[in-house]
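The values are calculated or read from the model by the stated rules, or taken from the named source; none is laboratory data. A quick note: this is a predicted structure, and the numbers were derived from the prediction, not measured. Neighbour counts are summed over all protein chains in view; Cβ atoms, including those assigned to glycine, are modelled from backbone coordinates with ideal geometry.
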Amino acid sequence: MFNKPIPKLILQLFLFVLTIVTTTLSGAEWIGLPCKTLEEAFSIGLSYSVPFLLLLTVHEFGHFFTARHYNVPVSLPYFIPVYFLGFIASIGTMGAFIRMKPAFTTTRQYFDIGIAGPLAGFVTAMGFLIYGFNHLPEKEYIYKIHPEYKQFGLAYENHVYNQSFLRLSDSLHHVQINSNQAFKPAEHYEMFAIGENLLFYIFKNYVVDDATRVPNKYELMHYPILFAAYLALFFTSLNLIPIGQLDGGHVLYGLIGYEKHAIVSKVLLILFVAFASLGFVNFKLNQEEVIKDILLLGLILWTLFRPLFKDWKNVLLVSLAVMVLELSSNTLFPSISGYSGWLFFAFILSRFLGIQHPKASVEMPLNLSRKILGWIALLIFVFCFSPQPFLLN
């Protein structure tokens, strides 16, 4: 069925097995339950890696089987394992991809292959989301991970997410590990938090029976099924961004055609970058640092927008417009901020993936059912998208 050369199949299996290992180890670190042996770490981490990899696999095989349906040459998924031996936090993988070589394409093929993966992954993620929110442990579960919270009772949120408590915890940990050395607190302690999307907001506020069990943004990563579902929705939203040759770009191409897509995709990238740039310049810094931020943002905008236009004057005009929006928003509405992390993804889109969609060999309008499905997919993007997916406070 797969007609794959043995060496490629071995590589794909090896990467998949290695990704199981890396995501399991990463999962054990994120969950944070105490473990003394590697076996215990694997036992804990599997509750994260199994649902997470299942969600990624379903997504990729959605593309795979649809491509096979159209007799498009397609590879099995290549998983990308990532692990930094506990020195830097990671989710254990950078996702997965398949290779396709469509020799002859129609609008319908692009649309069907593009939409199949996100829809399959989304439906599966919804199952885990429903299960996760309906099987939340008692709030005391967090004491297994943070025994230092127990002294505050169930109202620990009012006491632990501040610099003074983090400094105290760091001091106690230091004394336990290095009792003979003086303790020097850090100037600032970072607090990692998980963002939110519309689906999580709806589930947390309207679906869960006992709202007291819902984990807050600083603890969600300790709930493996919910964390895996959140990451799956995050990757679904990335794929469904209606730009270029992303899955969402294929969907938009099918809905509006080649010429309109070429314009809309460009406009969407500009708006995406404009949002990401909000709050980039920090006016609370000294004048020299502010000038450096402005110059750096200008360089970033030029780099991102240069592939969009042949005429450098248009690049300069758009860059200045986004810069003015950022500076005026920062001055008039300082509490509004975007998410600078999206600038890196915009760089990948602009410089590597490209925002233009290749023209199909045969252009044909979609039937009504596909059009409805396409708009549903874009609506799914809205519900899955997290404006600020990962936060450091």
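Taking each residue of segment 279-307 that is on the phi > 0 side of the Ramachandran plot and looking for partners that are in a helix (DSSP H, G or I) and surrounded by 12 or more Cβ atoms within 10 Å (Cβ to Cβ) with beta-carbon atoms closer than 7 Å, six or more apart or interchain, yields G279/N330. Is it the case that segment 329-344 has a residue that's closer than 30 Å to F111 by Cβ, surrounded by fewer than 18 Cβ atoms within 10 Å (Cβ to Cβ) and in contact with a strand residue (DSSP E or B) (Cβ under 8 Å, 6 or more places away or on another chain)? The answer is yes; a qualifying residue exists.
Residues in segment 53-61 include at least one that is modelled with pLDDT of 95 or more, surrounded by fewer than 20 Cβ atoms within 10 Å (Cβ to Cβ) and polar (S, T, N, Q). Residues that are surrounded by fewer than 17 Cβ atoms within 10 Å (Cβ to Cβ) and either modelled with pLDDT under 95 or under 12 Å from the mean Cα position of the chain (by Cα) (or both) within segment 376-389 comprise P387, Q388, listed in sequence order.
Of the residues making up segment 97-127, just one is among the aromatic types (F, W, Y), under 19 Å from the mean Cα position of the chain (by Cα) and more than 17 Å from I372 (Cα to Cα), namely F97. Filtered by the rule that a residue be crowded, with 22+ Cβ neighbours inside 10 Å, farther than 18 Å from V382 by Cβ and among the aromatic types (F, W, Y), segment 210-230 gives Y223, F227. Every condition in (1) aliphatic (A, V, I, L, M); (2) under 16 Å from M221 (Cβ atoms); (3) part of a strand (DSSP E or B) holds for I80 except the one numbered (2). Can you tell me how many residues within segment 256-269 are surrounded by fewer than 22 Cβ atoms within 10 Å (Cβ to Cβ) and touching a helix residue (DSSP H, G or I) at 6+ places or on another chain (Cβ under 6 Å)? Final tally of qualifying residues: 1. Out of E196, E187, one residue alone is among the charged types (D, E, K, R) and touching a Lys or Arg at 6+ places or on another chain (Cβ under 8 Å). It is E196. Take L233 and decide whether it is buried (at least 20 other Cβ atoms within 10 Å of the Cβ), more than 17 Å from the chain's Cα centre (by Cα) and at pLDDT 95 or above. No; evaluated as a whole, the condition is false for this residue.
More than 27 Å from Q388 (Cα to Cα) and assigned to a helix (DSSP H, G or I) - does that describe any residue in segment 161-169? Within segment 161-169 (the criterion being more than 27 Å from Q388 (Cα to Cα) and assigned to a helix (DSSP H, G or I)), the answer is yes, since at least one residue qualifies. Only one entry of P73, P34, P77, P81 meets the criterion of being touching a residue at least 60 places away in the same chain (Cβ under 8 Å) and over 23 Å from the mean Cα position of the chain (by Cα), and that entry is P34.
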